[in-house]
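Where a number appears in this text, it was derived from the coordinates with a stated rule and is not lab data. Nothing here was measured: the structure is a model prediction, and the numbers come from that model. Cβ sites come from the backbone with ideal geometry, for glycine too, and all protein chains shown count toward neighbours.
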Amino acid sequence: MSALKALFGFVVMMTCGLPVLAGDAAPTGAPKSTGTVAASMPMPVVQPKFEEYVSRVIIKGRWGSKPGEYRDNISEGNQTWPTNFIVTDNGHIYVLDDFNNRVQHYNAEGKLLEMIPIESYKLASKKEIAKNNGLDYSSVSIDWFFREGNAIYAVASKRTGGIGSARVSDMLKLVDGRFKKLTLSKEIKTVQNTISRAARREKIKHVFNGNTGFRIAKGKTEAEDQYIYNGSPVEFADEDKNGNRWVVGGRSLRKYSPKGHLLYEMPLNMESWAISKSGDFYLLDMYSSKPGKPENLAFEDWEGIYIRKFTLKK
């Protein structure tokens, strides 16, 4: 939820511009293909069509604490805002509204259905802040907010002291409209494995299994390995129901056909993102009605957040 957090913050997953509602970003890049050349005459190479997406804002919430509104936070010269959201197979959207201690649940058309309580922000006590050189901080946070299959999980952390102190984590699962603490060791272990760095690496390898365009640039340690697909970095990868590969890395979101052709590309800045199995994708960012470049706007110029849904143009 920080403007400085890494792209793979799950944001969500995975969290990235489009900070001002001034129209859609145009696709960049071009599909590449290696054709066969005849001895006497070059044969035409049939390039796959570079796809077009249309978008619309389906959720827009001003700063506040009323239903459908969201809170931001300004501390130590940084502005943070809700960035974690989940899209289910039926298109429902769950947005973690950190500073209001809730998750807001919408249907596929962006209608608010419910607000689910979750402890995600609690200002530390004056005594704890004093120990932290007077810098305020939240003693609780949601470090992971994700779905696995049809289940929605959150990993909550509580600091036992100031910033940098040890944390105690709780694994939470959304059950019957409420987040409940996991107690079964088998399910806790499953969640721990899902969010591990090793599991994320294995997910990328699985998506590109057997594809000649995928390679691993070895680092000094396995954690420093760089994943590359068709010459571009890979930090996240998944497949939709049609076998298309969706990749995030190198500050862009890219879509490849099952044969590895680049079908679509969009630059990412600070947006959070989500990809549905149907092949739609979603971006979450702040919005402002003030003119000017986003990087020149002051904290108080931003008015809230929105989620834009991108659908393949028919």
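Net charge within 14 Å of residue 206 by Cβ-Cβ distance, Lys/Arg positive one each and Asp/Glu negative one each, not counting residue 206 itself?
Working: positive: 200, 201, 203, 205, 245; negative: 202, 238, 239.
In short, +2.
List the aspartates and glutamates whose Cα lies under 16 Å from the Cα of residue 126, skipping any in the same chain that are fewer than 8 positions away.
136
What per residue convex hull volume, in Å³, comes out for the range 195-314 when only alpha-carbon positions are used?
On the way: hull volume 18.5 nm³, N = 120.
Dividing the Cα hull volume of the range 195-314 by its residue count gives 154 Å³.
Please report, in debye to the nearest 20, how large the charge dipole of the range 53-312 is about its Cα centre when each Lys and Arg carries +1 at its beta carbon and each Asp and Glu carries -1 there.
That gives a dipole near 540 debye.
HN-Hα J couplings of the range 308-313 from phi, Karplus 6.51/-1.76/1.60, θ = phi - 60°, integer Hz, Gly and Pro as x?
Computed from phi, the couplings for the range 308-313 are 10, 9, 10, 10, 4, 5 Hz.
Could you order the peptides 250-263, 271-284 from most to least packed, using the average number of other C-beta atoms within 10 Å per residue?
By packing density, highest mean first, the sequence is 271-284, 250-263.
Can you list residues from other chains, or at least 5 along the same chain, whose modelled amide H is less than 5 Å from the amide H of residue 101?
For residue 101, the qualifying residues are 120, 121.
After finding the eigenvalues of the alpha carbon gyration tensor for the range 53-312, what semi-axes result from the square roots of 5 times each, listed largest first in whole Å?
Output for the range 53-312: semi-axes of 30, 24, 20 Å.
Straight-line reach from residue 314: which lysines have Cα under 22 Å away, leaving out those fewer than 8 places along the same chain?
49, 241, 255, 259, 277
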